Structure formats: C-alpha cells, structure tokens
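What follows draws every value from the coordinates through simple rules; no lab data is involved. Given the structure is predicted, the values throughout are model-derived calculations rather than measurements. Neighbour counts are summed over all protein chains in view; Cβ atoms, including those assigned to glycine, are modelled from backbone coordinates with ideal geometry.
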C-alpha cells in the first residue's frame, strides 16, 4: 500500500517511525552543538536520548489518531520521567525548555521534508501535523517543567526539614551547654560552701587546742567528723563524674538476684543499725536469674539505701525485690525519714538537691546518680513521699536487658 492510499497524517507518522533513530540522532546533535545547553556536554548519548524515542513514538500515535486525549497519559508518564531525570542531571528549567524546543523544531523540519517529497501531503495536512506536534511538545514541556518544580520543591522541603532538625538540635545543644555551665557553677558553689565549712571547723578545732589543751580530744573528734563528711562529699562527686563519663558499651551478665540482695543487706545493715534504725528486708522467691549489669544495679540500690538512712533519724529502712508483670522485676527502698515536700518533688532527681538540714553530709548527687544509671539500665522510677512520714522509691527493671542495637 502506497503512502497516497493511507491517511496523510498516518503516512507521516509511519515515516517518523521509520526514521526514529535518525531523527533522534539529529536532535541530539542539535542539542550538543547548542551554546545555551551547557549541561548536555556532560551527558552520554544514552543519557541525553532518555525518553525522547518513547515520546516521539507517542507523538506518532497522536498523528495517527488525530486525538491527543487517547495518548495523553502515556506522554505524561514519559514527560515526567524526562523532567525528573533532567533535574537530577543538573538542567535548569530554561535549558529543559530549550532542549524540547529543538525537538519541536526537528519535527517541524521533518514535516517540510515529508511534504516536499509527497504532493498528496497538502498545506492543510502540514498545518494539522504542526498543530498536533505543537500540542504534544507543549504538553511534554509543561509536564516536564512541573516535574522539575516538584523535584525542586521536594528538595527544598528536604533541606528545610534538615535545617529545622539542625536548628532544633542546636537549640538542644545550646540548652545542654547552658545546663552544663549551670551545673559547673552549682558544683563550684557547693564545693566552695562545704570547703569553707570544713576550714572553719578545722580552724575552730585548732583554736580550741591552742586555748584549751584539755579539750584536745574534743577538738580532734570535731576535726575527724568534718574530715569524714568531706570524704563523703568527694566520694559522691567522684562517683557522679564516673557515671556521667562512662561511655563504654554496657556489659551484660547473667546472675542470681538473690545473691545481689544478700550482698546489699550485708553492705548496708551495720551502717543502718548504727544509727539506731531497723532494716527490714523481703525477697520474692519467684525471682531467679536476670540479665543486666550487676555492679550498676548494686550502685542504684546502695545509693537509695544510703539516701534513706541519711535522711531517717528514727524508725526503719526497708529493702525488697519482687517479681512483676511483663517480664520485669521491682526494686523497692522505703524509709520513715523526713520525706519530700510537694514543692520539692520536681527537683528530687536534679543535681545538688538535698535537705536543708546542714548536718547531712554529701553533695546531693545520690538521686541524680540513680536517675542516670536507671536510664542506662532501662529502669522506670516512681516515688511517693509524705513530708515528715517517709519516702518510697520503686524502680522496675527488665528481667533480660537487651544491649543497644540488639
């Protein structure tokens, strides 16, 4: 069947299909030699061709059907892919428009060549062909531009999100720096305050010895007590600095809770009873072996027990370990001490918080140490306290602590 027996636009579409490779190469050469298209110089033939052969084939379908609507979804799909790829390749929007305009010019030239060799392809057919080609290429250009803009907007949103997160992290770090500065000033004030008291007492002891030799023993007892209090302060500061500075991986081990419980009782019983207090203990026989860090658990319990004894002048201190639901167990330490006032509950776990009684030694770091260790051991802390009646601390720990990343 000759071209003259086929609808003119279909005959032209058939010729475009036969020349697809040649036309694509002709367009690529025009792009490579265009001074305005700098990004194309960095692309290979395959990268530059991209989805253009598919778009050319779809334009042929438009010419054959003389209906853009039938092929619109296919053209839109390839145009979006084309726009997205050109964005990734670094094209500017004006370069994308220029590149597709060269594609339109190449197809317009093909119309002229076809009509000159075929008398049946009249001027009216040329105008119809130009109309459909212009419509299709304009649609491709618009869709590609929209995709470039969408990609740009997504990139901007991504950068904006990153910037917001960076700003948030910076704010948190600035707050942390501020908190660290305040902590450093607080520790300085606390240590200076206690050192001043320490030196004042020693000065009084020396004056007492020089003025009243008969009271040497009293003066030495006073000095020894102050030295012991200062040792408690220093030990607490050292313990806290070690806890905060420990960035080594958590060492997990399997051990019997009963053995840890008995060790705790032996460690604190004599000191508690020396204050005239009773130590009550209770261990749940259902508890067996746990997987955790034994030394850190012991550190938590000892800090709670020491704190309980420190702030209890009469009555008792209680230590218990019991099994709970959800594969967890609970450490409970209670006392009949001074308790915590409602206004002080928010400050319980903060650094350098302690009772106003100046006779109680230490830097007020015991519960801050407990809080940090519980974070590492995945412990959940709750407490209840009534001023003048005592305090109860309960911490729930997992039976099997999972290592980070495990």
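List of remarks:
- Burial ranking of peptide ranges 170-176, 128-134 (average Cβ count within 10 Å, highest at the top): 128-134, 170-176
- Cα gyration tensor shape for region 3-164, rounded if a/c is under 1.5, else prolate or oblate: prolate
- Square roots of 5 times each gyration tensor eigenvalue, C-alpha, region 248-398, largest first, Å: 25, 18, 14
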